[in-house]
Each structure stands twice: as structure tokens, then as C-alpha cells.
1. Choose one of Cys15, Gln206, Thr407: the residue whose Cα lies farthest towards the positive end of the charge dipole of the chain (beta-carbon charges +1 Lys, Arg; -1 Asp, Glu; about the Cα centre).
2. Given Cα pairs under 8 Å that are at least 6 residues apart, what percent is the relative contact order of segment 67-140?
3. Not counting ligands, DNA or RNA, and with a 1.4 Å probe, what is Leu390's accessible surface area in Å² rounded to the nearest 10?
4. In square angstrom, rounded to the nearest 10, how much accessible surface does Asp33 have for a 1.4 Å probe?
5. Among Ile362, Ile142, Ile37, determine the one that fluctuates most according to a GNM of the chain built with springs between C-alpha atoms less than 10 Å apart.
6. Tell me, what % of the accessible area of the chain is carbon and sulfur with a 1.4 angstrom probe?
7. Rounded to the nearest 10 degrees, what's the angle between the helix 125-138 long axis and the longest principal axis of the chain, both from Cα atoms, 0 to 90?
8. Roughly what % of DSSP beta bridges within the chain run antiparallel, to the nearest 5?
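The values are calculated or read from the model by the stated rules, or taken from the named source; none is laboratory data. These figures come from a predicted structure and were not determined experimentally. Here the Cβ positions follow ideal geometry from the backbone for every residue, glycine too, while neighbour counts run over all protein chains shown. Heavy atoms of the whole protein, side chains included, go into the accessibility calculation; ligands, DNA and RNA do not. Shrake-Rupley method; radii C 1.70, N 1.55, O 1.52, S 1.80 Å.
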Amino acid sequence: MVKEAAYQKCINPKCGAQFDTGQSIFKCPNCGDLLDILYDWDKIEVPAKMSDFAKRWAGRDNRLDFSGVWRFRELLNFCDDKHKVSVGEGQTILQCNDFIAKEIGMKNGCLHLQYEGMNPSGSFKDNGMTAAFSHAKKVGAISCACASTGNTSAAVALYAHSVGIKCTVFIGSGRIAFGKLSQAMDYGAQTIQIRGDFDDCMRQVQDVCTELGLYLLNSLNPFRLEGQKTIMYRIIEAMQWNIPDWIVVPGGNLGNSSSFGKAFMELKQLGLINKIPRLAIINASGADTLDYLVNKKNLKWNKGYVDNSIIDDFYAELTAKKFSPHTCASAIEISRPVNLKKCLRAIDVCNGVVISVPDNEIVDAKALIGKYGLGCEPASAATVAGLKHLLADGVISTDETVACVLTGHALKDPNVTVNYHKERQGCYSNPPVEVDNDLQKIISLIK
Ligand SMILES: *Cc1c(COP(=O)(O)O)cnc(C)c1O
Ligand SMILES: [Zn+2]
């Protein structure tokens, strides 16, 4: 039998076990490490140049050409077209923003914002879900689950019902932003609120899925990461296939950063690009595991031979301290990121850097983006907050081209926004002014 072009492979080089894509296992059954989706590129007819993908815009009445994910289908070729699901994800834009560039001291034409808030569920998660749900279709899943800080649950709920799969979402009590919670309920997901934080939910959902045979949709799911690669394809597409000097992304469970590294690694391998951008991953100070392990403990990919003891020791410390992460950027409020090792590989491939930024800088950056660009949620704004530091430290220079990934829509978390302005929390606070119902008094207020 001819082996399929795509297969799953354990990322641990000491194991390297392989599985076909008809299985939904999510972790290596041999060693428990993460799985990767790999391709025999010889068996796939990949277009000769990236611009060939863009030609598909002409055929937008074909649902797969319309999708900003499946337009690039040869680069995530793990299922037949009949299994591919789409709700019109990936119609996103890359905005070159000179106002914000000026405000943070960058040259004109250098700062780009990749706005993933335009996805059907309002965050980049849809890029991953369209791929994972296609795999779920392929394996005939009838019921699925995820743990979520909010956006995963919104995206899962949206896709599950539109493709006819039952779903349960697990969220931590009191930690979820209002917009996101409203979506899970509205899209009909069974929503279970665990008295705990995201890391608690993540642990429980894995056991629940194993016990009940539910299809797992966290970014542990390697098929999700395949879909998220297309965010990078669309950025370079919008730059006429030029590669920016830097990609800046918030770091939570580290699925995005991992998939971005994989995207560029593969494009380089295929000869479709000749340069790999550098990657800057931004943690929130209150959830800075990656920053700590990379910068303080010197944790490295090391060709896959990751020093697990560094990670285990740190997690044991967190457990002993009963540490729970805290940041207003709820989407990245995660202290045990499941894709940590894949992210280390991305840092290796992209010569990446990691820093953390405090909440007060995140909310200021969020208001700056809102004022001059595109509204986004707090986690997304960590990119611009981090970029300011990287410019100040001379890591990124003011004339380099940078693409910040704005991962989620502003309306996801209205509370943070309203509080920032009404309570005058920062330099861009813009609270409403109250006035008597009197024409002259009203006119006297107009600036
Ligand atoms: C999920 C999410 C993140 C974190 O992404 P990871 O891939 O888990 O690192 C950041 N921002 C938003 C808006 C999210 O929904
Ligand atoms: Zn393994």
C-alpha cells in the first residue's frame, strides 16, 4: 500500500514513533511527547511559487479557495477535500500602520498589524479549528472537547455545530472574558466551569477525552497547528511574498509560535522562501514560564534533546508554591504551556527571542492600537508592548520590518477596555464625559 503523504511523528528524537493520520492520539502513546504532522513532499504537488496560491482569489466561489486556510491546502495536505470543513475563516488583513509606528519610534512602512480578529469567531483560533475539525471529520468523530481561556471554546463551539459534532468546553471559574463566554453559550456548547484555572482545565480535559473517547481540540492537537501556519502565509502574501524581519506574537499555550516556526521551516525546505524571519514571543509578566525557562534557565531545543529536568523542576516549584498565573491578558494566562517544546524548536529555527511585559503596558498598548489601528484584546496587544521593549533594547531596529499578530478582536473583552478608560488607568484613557441635557452645555464640551 502506498503510504499517505502525511503522517504523525513524535518530536522526541529518542522515540520518533510514527502514526498515520487516521488516528486521533494527540500525544505519543510510546513516550507521551508531542506529535508533529510531517509530509512526504514528493507525493504532494506543491505549487512552484508562493504567488500561485494567491491566484486562487480568482476562484472565490470555490469554498476551499475562499478559505484563507485551505487556499494553501497543499501545505497542510492531511485529508481529502471532502473532509475539509470551512466557515469562511482566514479573511484577515495585514495593515501597515505608520501612526503606531511613529508613536513607538519606528520608521514609516515598517510596522504591520496582522488582524486575526476578523475571523468568524473573532480570533486566530479559527485557522486551527478548520484544520482540526477536518481531521475530526476524517476520523469520524461525533463528540469533541477542549479546555479554554475563552477563544478556543468560542471557536470550537462555532465549528462543532456547523459541522455536526457535539461539543463540551471546559473553562476556569471567573477567568474567562465576557465576550468569549457569551459565544460558547450562544453557539450551543455544553460549558463546564471548573473551580480552578486554565492549567487545571487542561489536565482534566485530557483525562476526560481519554476516558470518553472525545476528540480533543486544544493546541496539543497537531492538526490545529497545521491550520495556524497559514497566518504566516497570509502575512507574506500581503507583503508581496517578501519576508518581514520580525514576527511578533503573544505566547500562551505556544501553539501559534510553534506553528509559525514550522511554517517557515517547511517553506525554506521546499525552496519557496529564501529567508526565515526572526520570531519575538511575548509573555505577560504574570504568566512568564517561557521567558523564565529560556532566559533564566537557558532551556533550548538542542536538536530535540530538550533537558526535561529543567521543565519538571520548574513545574514542581509552581505546584509547591500553588502558583496560579495572573494577567489581564486572559488568553495568555497559562503557566504550563503544552507546546513548550515545539516552541523551543521555533525559537531555534527563527533565531527567536522571548520577553515578558507587565499588564499596565499591555493595556496602554491595547489602547494605542485601538486609537490608531484595529481594536484587539489584551493578549494581542502584548505584541506592541513587547515591541516597544525590543526597540528600546536595540534587539529590533527602527527600520526593520515587523509584523505583530493581533490574535483576537477588541470586543472579546469589553471589561478590560471599559475599565481602562473609565478608571483612567493609562496614558491613552479616554473616558466619556457626562453632561446635563442642555444644548449650550453640550456644545461647550465639543473639542
Ligand atoms: C489563544 C490565544 C493566544 C495564545 O496563543 P497560543 O498559541 O496559545 O500561544 C493569544 N491571544 C489570543 C487572543 C488567543 O485567543
Ligand atoms: Zn514518542
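1. The residue sitting most towards the positive pole is Cys15.
2. Details: 95 pairs, mean separation 27.0, N = 74.
With pairs under 8 Å counted, the relative contact order is 37 percent.
3. 0
4. Approximately 20 Å² of Asp33 is accessible to the 1.4 Å probe.
5. Ile142
6. Values: 9130 of 18420 Å².
On the chain, the fraction of accessible area on carbon and sulfur atoms equals 50 percent.
7. 30
8. Numbers: 15 of 46 bridges.
Approximately 35 percent, going by the DSSP bridge assignments.
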